[in-house]
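The values are calculated or read from the model by the stated rules, or taken from the named source; none is laboratory data. What you see is a predicted model; the values in this text were computed from it and never measured. For the accessible areas, the whole protein counts, side chains as well, though only heavy atoms, and no ligand, DNA or RNA atoms are used. Shrake-Rupley method; radii C 1.70, N 1.55, O 1.52, S 1.80 Å.
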Amino acid sequence: MPVSDADPLWDVDQVSAYLSIPKRTLYRWRTLGYGPRGKKVGRHLRYRASDVIAWFAELNDHLLDERWDR
């Protein structure tokens, strides 16, 4: 998906709300190298909205349930 400078940046609260998951899960995924790609901006974590949406669209539902729903 092409990225433009107008692509909004989401913080952890917005990503967790979009994915309907706790922030703690998002942080855990990040330490495990899983989940949407995020970048540090100073000490703040930001995600491009298009990256989060693309990552979610590519998920296989059964793999997500088996691997992370514990």
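How much solvent-accessible surface does Tyr34 expose, in Å² to the nearest 10, with a 1.4 Å probe and all protein chains in place?
Near enough 40 Å² of accessible area.
Measuring from the lowest to the highest alpha carbon on each principal axis, how far does the range 1-53 reach, largest first, in angstroms?
Extents along the principal axes, in whole Å: 29, 24, 18.
Full-extension gain between Lys23 and Arg46, please, as 0.36 nm times their residue separation minus the C-alpha to C-alpha distance.
Working: separation 23, 0.36 × 23 = 8.28 nm, distance 1.30 nm.
Contour length minus Cα-Cα distance gives 7.0 nm.
With every protein chain kept in the model, how would you rank Thr25, Thr31 by accessible area, 1.4 Å probe, largest at the top?
Values: Thr25 25, Thr31 115 Å².
Putting Thr25, Thr31 in descending order of accessible area: Thr31, Thr25.
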